[in-house]
Amino acid sequence: MGADVGLGEEGELADVLDAAHVLGTPERRARLRICASETCSARFYDRSPAGVRRWCSMRTCGNAAKARRHRRRQAVTTQNKNDRSTG
Ligand SMILES: [Zn+2]
């Protein structure tokens, strides 16, 4: 758990994943996710070291979701400035 895998080591990482595929470990199944996008239900394998990936593609679904969130966050940010009691 928590192996430090450098980004940019795609080749080696792929080898590890291949081994996991053959073994069919529970970990592998846990990393199988469904895209968090509201308009997409694609399944993908979370290959991020921290396991925090949420979208099948960062370029399509990820960007769309972030743009939506950003717009919403701008409205919330002004509120947070006044609320500094948390933390
Ligand atoms: Zn998607």
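Readers should treat all values here as calculations from the given coordinates under stated rules, not as data from a laboratory. Because the structure is a prediction, the values reported are computed rather than measured. Cβ placement follows ideal geometry from the backbone for every residue including glycine, while neighbour counts extend to all protein chains displayed.
If you go through segment 27-49 and pick out every residue that is among the charged types (D, E, K, R), within 11 Å of the ligand (Cβ to nearest atom), surrounded by 13 or more Cβ atoms within 10 Å (Cβ to Cβ) and in a loop (DSSP other than H, G, I, E, B), you end up with 0. In segment 32-51, the residues that are without any contact (Cβ under 8 Å) to a residue 12 or more places away in the chain form Cβ pairs under 7 Å with partners that are assigned to a loop (DSSP other than H, G, I, E, B) and near the ligand (Cβ under 8 Å from one of its atoms), at six or more places apart or across chains, as follows: Ile34/Ser41; Ser41/Cys35. Residues that are under 14 Å from Leu32 (Cα atoms) and loosely packed, with under 14 Cβ neighbours inside 10 Å were ranked within segment 50-62; the one that is nearest to the ligand (Cβ to nearest atom) is Val52.
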